[in-house]
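Worksheet: the structure to be examined is printed underneath.
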Amino acid sequence: MSEKLDLNEIRQEITLLDQDLLALLAKRRALTLSVAKSKVQQIRPIRDQQREQELLIRLIKQGKILGLDAHYVTSVFQTIIEDSVLNQQAYLQTLANPDIQVPTVSVAFLGDKGSYSYLASHRYFSRRAEKIIESGCQRFSDILHQVESGQVDYGMLPIENTSSGSINEVYDLLQHTNLFIVGEITQPIEHCLLTSVNTSLDKIKTIYAHGQPFTQCSNFLDKQTGIRIEYCDSTADAMAQVAKLQDETIAVIGSEEGGHLYQLHALEHSIANQIENHSRFILVARKAIDVAEQIPAKTAIILSTGQKSGALVECLLVLKQKGINMCKLESRPIQGRPWEEMFYIDVEANLKSFALQEAINEMTPHTNFIKVLGCYPIEHISPTSVPSSAL
Ligand SMILES: O=C(O)C(=O)C[C@]1(C(=O)O)C=C[C@@H](O)C=C1
């Protein structure tokens, strides 16, 4: 007969191990901060992908000896390295901009507690501030107004989504603001079906949802028969209502993380038509920031060329000649000037770099308006891959 296993005892052992893992992660984080300090002294870039690859190959080998598969080891350490790079970047940014290092920040975003904009704001500031004063807004223009008037320090705005594309309203507002883009963050959008009490899918009769998630989950909803949809002003509002009702026949579409704030649990995960769904958010402030040279930077420029033929091509050719990578080009009509367009260009370059300064100077004669919206650190850390021979 096999020995009797005591579940509580095993769980206690796991709890202790997890505690040790946390202590080790904190120790590693502290060490990487010392690495950042030494890189500041030696003026070396934060990212060293050769070092990352060597480290991953060694860990995969050691992991195999311990019975851990290569994919598991790779994904755990890619996450650890991403955190390390972002933390080091955040540290360097406080040196480049001493006034941004404050324990409490106030942020305006769309929706209430639990909205995707709320989650993006919390994630962005989790490594940068101790406390966030939240200001949930009903409209994008309210967010900009709150920052412009000094009511809050920052505004978080969604700018593009992998399934629905650019958010035109936000682009149009950027034409008329004096604020600067000072940061970005990409937030995964994972729609779930959430409930406030234990229930099952066949019991659900009503689903509360905001219009956008409702559209993005149409395939899932089409498969459910006899269900009534209750439209709400926002996902946060829908979650708050369902949490209050405590009804086993009612569910809401929202993120699992946001749902936790309302004591809701996921009955179904990943119900969106497109599973890989991310939104990119930009952070705006009244003052532009400097980006440390050791950090990869993005600069956002807006320009208009009137109706001069070929002028946009000339501007883009300047970027090509300077070896500057353009990562986004968007155009929007200019209000009151029919057939004229405002172009939004994101380039992977630091505004302080000689190449970009020269490029802006050479582009200017081809434009009748040109303005830098901001320069900020690239937040997306592409994971270092390992050769297949190591897997
Ligand atoms: O060793 C370094 O140079 C670090 O910055 C540390 C570290 C890591 O966390 O292991 C992080 C970023 C680099 O790209 C490589 C490795």
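FYI, it's all coordinate maths here, none of it is from the lab. None of the values given here were measured: they were computed from a predicted structure. Quick reminder, even Gly has a Cβ in these numbers, built from the backbone with ideal geometry, and neighbours come from all protein chains shown.
What the table below lists for this structure:
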| quantity | calculated |
| --- | --- |
| Ranked His380, His210, criterion: other C-beta atoms within 10 Å, fewest first | His380, His210 |
| Residues Leu264, Leu22 arranged by fewest to most Cβ contacts within 10 Å | Leu22, Leu264 |
| Calculated FRET value between Ser382 and Tyr231, using beta carbons and R₀ = 35 Å, to 0.05 | 0.35 |
| Rg/Rh for segment 35-74, where both radii come from Cα atoms and Rh is the Kirkwood radius | 1.19 |
| Order of Arg28, Arg11, Arg128 - criterion: other Cβ atoms within 10 Å of each residue's Cβ, fewest first | Arg11, Arg28, Arg128 |
| Whole-number Å³ per residue for the convex hull built on Cα positions in segment 149-305 | 155 |
| Normalised convex hull volume, segment 152-216, alpha-carbon set, Å³ per residue | 152 |
| 5 Å binning of all Cα-Cα separations within segment 297-377, expressed as whole percents from 0 upward | 3, 16, 29, 27, 15, 7, 3, 0 |
| Cα centre as origin, Lys/Arg/Asp/Glu Cβ charges: the chain dipole, Debye | 980 |
| Proportion of all alpha-carbon pairs of segment 235-391 beyond 26 Å (%) | 53 |
| Estimated inter-spin distance, Arg51 and Ser270, nm [label 7 Å along Cα→Cβ] | 3.5 |
| Spin-label pair Ser331/Asn198, simplified geometry with 7 Å Cα→Cβ offset, distance in nm | 5.9 |
| Segment Asp247-Ser34, length gained on full extension (0.36 nm per residue, minus Cα span) | 71.4 nm |
| Cα-based Kirkwood hydrodynamic radius, the chain, one decimal, Å | 23.9 |
| Gain on full stretching of the segment that runs from Gln224 to Thr206 - 0.36 nm per residue minus C-alpha separation | 5.4 nm |
| Descending semi-axes in whole angstrom, ellipsoid equivalent of segment 6-106, from the Cα gyration tensor | 31, 21, 10 |
| Residue with peak Gaussian network fluctuation, the chain [Cα springs, cutoff 10 Å], from Ala272, Ala26, Ala285 | Ala26 |
| Backbone HN-Hα couplings from phi across segment 366-376 [Karplus 6.51/-1.76/1.60, Hz, Gly and Pro as x] | 8, 10, 10, 7, 8, 8, 8, 7, x, 10, 8 |
| Whichever lysines have a C-alpha closer than 22 Å to that of Lys223, once near sequence neighbours (fewer than 8 apart) are set aside | Lys203, Lys205 |
| Calculated P(r) of segment 346-391 - Cα pairs past 18 Å, % | 49 |
| Residue-wise HN-Hα coupling along segment 304-319, computed from phi with Karplus coefficients 6.51, -1.76, 1.60 (Hz; x: Gly, Pro) | 10, 10, x, 10, 5, 6, x, 5, 5, 4, 4, 4, 5, 5, 4, 4 |
| Long-range Cα-Cα pairs in segment 192-268 (distance over 14 Å), rounded percent | 52 |
| Listed residues Pro103, Ser34, His122: farthest to the positive end of the dipole of segment 1-151 (Cβ charges) | Ser34 |
